[in-house]
Structures are given as C-alpha cells and as structure tokens.
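Notes follow once the structure below has been shown.
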Amino acid sequence: MKIWIALVLAAFAAGASAQTCTCETLKWATCEESPCSCTILVGNNEKQTLDCTKLIPKCFLMKAEMYRARKGQDTRTIGGKPVETAFVDNDGIYDPECENDGKFKAKQCNNTEECWCVNSAGVRRTDKGDKNLKCEELVETYWVRIQLTHKPLTTPLSTANLKTAIADAIHKRYDNFNKDMVDEIQYDPDARLIVVDVKKPMGERKSDLTNMAYYMEKDVKVLPLFKNQDKFEPTVGSQKLEMEKILVYYVDEKAPTFTMKNLTGGIIAVIVVVVLAVIAGLLVLFFAKRRQSQRYNKAQQREMEAM
Ligand SMILES: *[C@@H]1O[C@H](CO)[C@@H](O)[C@H](O)[C@H]1NC(C)=O
C-alpha cells in the first residue's frame, strides 16, 4: 500500500515537472525534459539554447524569425523624434549574426556582400557598405522612445496615474523590467498617442532596453512572443488600454552616421522642382536661339535672292 502511494506521488511529481519545462518567453521554443532545456531552430540543424527565465535576446529572436520565414512557417511576429540623432528601424528584420550571449555583432551583412553597422538593438546606424566596412564597436542604445497609439475609448482617460500605470504594466509583463527606467510619459488624447521614454544612464551595461522594446513591438504589431497569448493592455484607473500602433525611436550613446539623413522628402521635392525649372529654362532658351538663327538665315537668303 505504501509503495502504491509512493508511486502515485512520484508520478504526480514527474507530471508537475513535465509541466514546468516550457518556455514562457518564446512560444516557438522546443523543450526537452530532464534536465529541462529549451531551444529554437535558427538554421538547418542549427539550434540556439535559450534561457527561458528571461526575455530572449532580440538577436536570437530575429535569427529564429528569419529561419521560420525561409521555412514558410508562421512568422507573424514578424510625437516625433526625441532628439535630432534619434532614428527608427526602416530596414526591418534581417538574418543577424549574434555573439554567444545573444548580443548583436557590430557588423551585419544579412548573408550578402553588403554590410552595415548596427547598435545594440540591431538597428542599422550607418550607410550600407561593402564587406570591408569597419565597425569598431557595438554602440549602445541607452534611450528608446516608444510611441503607442491606443484604441478609441468611450470615456476620456484619467491621466493622473498614467506614468505609474504604464511603468507597472511594463514591469509586470517584461521580466520585471526596472520601472525607474520609464523616464517620462507624454499623452495627446486627440491623437490617442502615449509617448514613453525609457532611458538608462549612459555607460550602464547591466540592463538592456531593446529586448523589452522588441517584445512590445511584437505584442502590438502582431502577436505576443510569449507562450501566454495575453495582450499588452495597461490598466489606467478603471480602463484597459488596448494598443493599435507602435513606433520605436532609438537614441545611441554615439550619433549615427547616415549621410543625407536630413535630406527629407520636403527638401528632395524642392530640389526636384528646381532642377525641372532649370531644364525647362534651358529648353526655352535653346528653341528661342534656334528660331532666331532660322529667321536670320531666311533673311539672309531673301537678301541673296534680291541681289
Ligand atoms: C536580408 O535578406 C533577405 C533575403 O535574404 C531580404 O528579404 C531582406 O530584405 C534583407 N534585409 C536587409 C535589411 O537588407
């Protein structure tokens, strides 16, 4: 009888441990028992071991997404600048090279001959060059500005505790993210826009803002990366805020070195108009000259005939 109880208890224990070996921070992960270890495929027969007690580094996530995209699997995960040097990710996802600890390598080439330098968020911060391009170091992103647009509300939002509510929601959802780094929140009720500045001290290397920002991008743009498919819905006062848009600006410890980054659409349009006007002017001049010389030739001919 005692043996039976022991066996039943052992079976329960085994069942319980089987249940705990799952990857809460990445729904695509595969986990194996005893000892519990979770991996994700990032290439043909290339597995990345994951620490599922934390947010998975963005570099590993992007590698996994690119692999899933190549395989045709479900990849549906895939107010303005805070400062003049801030920039957004216009390139989107590529197949990155990661360090063993999940950091991005400073130079990325997406398996091509064309290379560029990235920041610690894996976002391009230089022009593209050839494979001889030098990237001295991985420049740290110390400030992200997250612009969230929430869905329409029937009653106006109470903004009294907005910052605390947003900071709490981020802390709870993204691996106990340090609330103190949620620096400032601005709100525009007409645009339904919440601007969240998340900053760490320059030179600080213990914490990372970019994994949190990436998980949030996925939460809002597509589907959560978490096993649990709950939405990111901060509770403000008595209201739940559902988000519909997100835009992330990156501010690095060193300014990016894009060329012509100030040559925005407006200026380009002005240049095009000026160039067209000059060409039109030259054409008018050319035809006017030609007509003049034709008239001159005819006059000359007539004079000749008269003689
Ligand atoms: C990376 O390469 C893939 C195809 O191999 C392409 O679809 C994607 O646009 C590239 N990304 C960048 C940022 O160059």
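The values are calculated or read from the model by the stated rules, or taken from the named source; none is laboratory data. In this text the structure is predicted, and so the values were computed from the model without any measurement. Backbone-built Cβ (ideal geometry, glycine too); neighbour counts: all protein chains shown. In case anyone asks, the SASA skips ligands and DNA or RNA and just uses the protein heavy atoms, side chains included. Shrake-Rupley method; radii C 1.70, N 1.55, O 1.52, S 1.80 Å.
Points worth noting:
- Condition met for Gly72 (within 15 Å of the ligand (Cβ to nearest atom), assigned to a loop (DSSP other than H, G, I, E, B), in contact with a helix residue (DSSP H, G or I) (Cβ under 9 Å, 6 or more places away or on another chain) and at positive phi): no
- Breaking point among (1) within 13 Å of the ligand (Cβ to nearest atom); (2) open to solvent by less than 20 Å² (accessible area, probe 1.4 Å); (3) within 16 Å of the chain's Cα centre (by Cα), for Arg124: (2)
- Verdict on Glu84 being within 15 Å of the ligand (Cβ to nearest atom), outside any strand (DSSP E or B) and charged (D, E, K, R): no
- Against the list (1) within 17 Å of Thr85 (Cα to Cα); (2) open to solvent by less than 10 Å² (accessible area, probe 1.4 Å); (3) in contact with a helix residue (DSSP H, G or I) (Cβ under 7 Å, 6 or more places away or on another chain), the condition Asp197 fails is (3).
- Note on the range 200-218: residues that are open to solvent by 20 Å² or more (accessible area, probe 1.4 Å) and closer than 20 Å to Lys58 by Cβ amount to 7.
- The range 102-113, subset more than 10 Å from the ligand (Cβ to nearest atom) and open to solvent by less than 10 Å² (accessible area, probe 1.4 Å), residue farthest from Asp188 (Cα to Cα): Gly102
- Failed item, numbered, when Trp116 is tested on (1) farther than 19 Å from Leu55 by Cα; (2) among the hydrophobic types (A, V, I, L, M, F, W, C); (3) more than 16 Å from the ligand (Cβ to nearest atom): (3)
- Cβ-Cβ under 9 Å pairs, at least 6 apart or on other chains, the range 90-101 side within 9 Å of the ligand (Cβ to nearest atom), far side open to solvent by 100 Å² or more (accessible area, probe 1.4 Å) and not in a loop (DSSP other than H, G, I, E, B): Asp95/Arg70
- Inclusion of Lys163 among residues that are touching a helix residue (DSSP H, G or I) at 6+ places or on another chain (Cβ under 7 Å), of a type in the set (Lys, Arg) and either away from the ligand (no atom under 15 Å from the Cβ) or within 28 Å of Asp230 (Cβ to Cβ) (or both) is not warranted.
- For the range 165-181, the count of residues that are in contact with a Ser or Thr (Cβ under 8 Å, 6 or more places away or on another chain) and assigned to a loop (DSSP other than H, G, I, E, B) is at least one.
- Some residue of the range 126-135 being assigned to a strand (DSSP E or B) and farther than 16 Å from Met216 by Cα: yes
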